[in-house]
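Following: one structure in structure tokens, then a few remarks.
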Amino acid sequence: MSRERDTKNMVLRLDPELAERLRLVAEVEGRTVSDVAREAVAALVDQRRTDKRFQALLEDNLARHEASLRMLQDPE
């Protein structure tokens, strides 16, 4: 299977100044903007795995969704 089939296309809107800085980083490193952006997103997601504030938000969301599911279940 090709790499393109294993990826998901997304639209990312950046302000012009940030977009230019991203382009410059990619150019200096001899990489594509997509590669640099993927690396940055992966680093952010990995960082969130150990972020206590994020974990608390995740727990709160989970509890809220569980309560919603219970309310929507058929009473039997």
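Restricting the first member to region 47-76 and to residues that are touching a residue at least 12 places away in the same chain (Cβ under 8 Å), and the second to residues that are small (Gly, Ala, Ser) and open to solvent by 100 Å² or more (accessible area, probe 1.4 Å), no beta-carbon pair is closer than 7 Å while six or more apart or on different chains. For residue 59, the test of being among the charged types (D, E, K, R) and either modelled with pLDDT of 95 or more or open to solvent by less than 90 Å² (accessible area, probe 1.4 Å) (or both) is failed.
The values are calculated or read from the model by the stated rules, or taken from the named source; none is laboratory data. Please read these numbers as outputs of a predicted model, since none were measured by experiment. FYI the Cβ positions are ideal-geometry reconstructions off the backbone, even for glycines, and counts take in every protein chain you see. Keep in mind that these areas ignore ligands, DNA and RNA; they rest on the heavy atoms of the full protein, side chains included. Shrake-Rupley method; radii C 1.70, N 1.55, O 1.52, S 1.80 Å.
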